[in-house]
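Reading through the structure tokens given below for one structure.
Rule-based calculations on the coordinates, nothing more; no lab input. Quantities reported herein were computed from a predicted structural model and do not represent experimental measurements. Note that each Cβ is placed from the backbone with ideal geometry, even for glycine, and that neighbours are counted across all protein chains shown.
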Amino acid sequence: MKSSENIRKELLKESVKDYKVDKDTTIAQLIEFFKESGGFTCVDIAKAVDILTEAYSKENCINFLSFPACIIATGLRGLLADLIKRDLIHVIITTGGTIDHDLARSFGGKYYSGSFDLDDVMLKDLNIHRLGNVLVPLENYGPLIEKVTWQLVGEISSLTSKSVFGVRELLYEIGKRISDENSILAQAAKHGVRVYAPGILDSAFGTSLFTYSQLHNFKLDLFKDMKELADIVWEAKCCSALMIGGGISKHHTIWWNQFRGGLDYAVYITTAIEYDGSLSGARLREAISWGKLKRNAKHVTIHGEATVILPLILAGVYARLSL
């Protein structure tokens, strides 16, 4: 048992240091400054860089990436596509809405910068959807997604005698038919990254699959995806997860990893707070009590907006790994 004096020395080993930046300061230098700043978000960002750098350096680690649909309506779509392209991710778990935005934007549907404060009644009259501060013209969403889904699924079905598809399997086939370099599905298909969307039916894409199935011999097998995930986690020697936002994407990631004793590495970025009692607000340490995160896992929860925080983290990781 450590003495009080030893505990005191250990607690007081890192002093707070001042730092300055100028026009020549790099993000890698900034991350190093963050470590000793005494702030909370910046210290957590620096810790996230340490954790992901270690996880992504391990040859035998299966790296999960989870995120909700909303960020795929922003410029982070390109950032995540680039992360996949760098072969640092092996498994993606996301929502049905991610497929919506990825398909819409891949097939010419433009999204626009707007404001949270716009008049939503006016927007309805103008046939413009508001997604936070992003504006989505009606014609660039539902009708476009339905058209593209029917076209792609029809093409895929015509090339095989199969009538039952796993969701991951179907998303892979769709990804192969997308030419947009910023597409999540295209990069995942090209780099062998498995994409799982457990809430696939809660989306325009899912609804389009349903309507297609009413006129064609086409079905989804959700259990096929679960069997694949089970095989992945049971065979993995190490697992990490970069989780952006909560909900079904985060939960599915930690849920399946509990069957191997929990994640070894985890970074979670969220705007939700713990006091609302939600999974989205739950800090990662809560997952230890469920066995979804190992008790000795390296982990950090960062409270903040992902469009600011994630680019800093990934720039820091890329600098460390010389990518």
On a C-alpha basis, how far is the centre of segment 305-320 from the centre of segment 88-145 in Å? Whole number, if you could?
24 Å
Helix 306-321 axis, angle to the chain major axis (alpha carbon atoms, nearest 10°):
70 degrees
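Which of the three applies to segment 254-323, rounded, prolate or oblate, going by the alpha-carbon gyration tensor with a ≥ b ≥ c and a/c under 1.5 meaning rounded? Could the numbers behind the result be given before it?
Working: a/c = 2.88, a/b = 1.29, b/c = 2.24.
It comes out oblate by the Cα gyration axes.
Of the DSSP beta bridges with both residues in segment 95-221, give the percent that are antiparallel, rounding to the nearest 5.
On the way: 6 of 9 bridges.
So the antiparallel bridges amount to about 65 percent of the total.
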Ratio of Rg to Rh over the chain (Cα coordinates, Kirkwood Rh, two decimals):
1.01
Rough spin-label spacing in nm, given labels placed 7 Å along Cα→Cβ, for residue 118 and residue 15:
5.3 nm
For segment 95-221, build the charge dipole from Cβ charges (+1 Lys, Arg; -1 Asp, Glu) around the Cα centre, then report which of 207, 111, 128 sits farthest towards its positive end.
207
Over the chain, with a Gaussian network built from C-alpha contacts below 10 Å, which listed residue (37, 208, 15) shows the highest mean-square fluctuation?
15
So if I take the alpha carbon set of segment 95-221, get Rg, then get Rh from the Kirkwood formula, what is the Rg over Rh ratio?
1.00
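What number comes out for the charge environment of residue 301, summing +1 per Lys or Arg and -1 per Asp or Glu over other residues with Cβ under 13 Å away? Display every interim value, and only then the final one.
Numbers: positive: 47, 250, 283, 285, 298; negative: 44, 274, 286.
Its environment carries a net charge of +2.
Net charge near residue 118, counting Lys/Arg +1 and Asp/Glu -1 over other residues with Cβ under 14 Å of its Cβ?
Net of charged neighbours comes to -2.
Using a 10 Å cut-off on Cβ atoms, rank the peptides 58-71, 93-106, 302-315, 112-125 from the highest mean neighbour count down. List each step's numbers first, then the result.
On the way: 58-71: 19.9, 93-106: 26.1, 302-315: 18.1, 112-125: 10.6.
Per-residue mean Cβ counts within 10 Å order the peptides as 93-106, 58-71, 302-315, 112-125.
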May I ask for the angle, rounded to the nearest 10°, between helix 142-158 and the longest principal axis of the chain, with both axes built from Cα atoms and the value confined to 0 to 90°?
80 degrees
Relative to the longest principal axis of the chain, what angle (0 to 90°, nearest 10) does the C-alpha long axis of helix 222-235 take?
30 degrees
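Give me the net charge of residue 188's neighbourhood, meaning all other residues with Cβ under 11 Å from the Cβ of residue 188; Lys, Arg count +1, Asp, Glu -1. Before the final figure, lay out each step's value.
Numbers: positive: 85, 168, 176, 190, 194; negative: 102.
Net of charged neighbours comes to +4.
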For the chain, what does the helix formula give at 222 nm: sum of -39500 (n - 2.57) over DSSP H segments with n ≥ 4, over the residue count, nearest 500 deg cm²/dmol?
-14000 deg cm²/dmol
Sorting check: for 254-267, 155-168, which peptide has the highest mean count of neighbouring beta carbons within 10 Å, and how do the rest follow?
254-267, 155-168
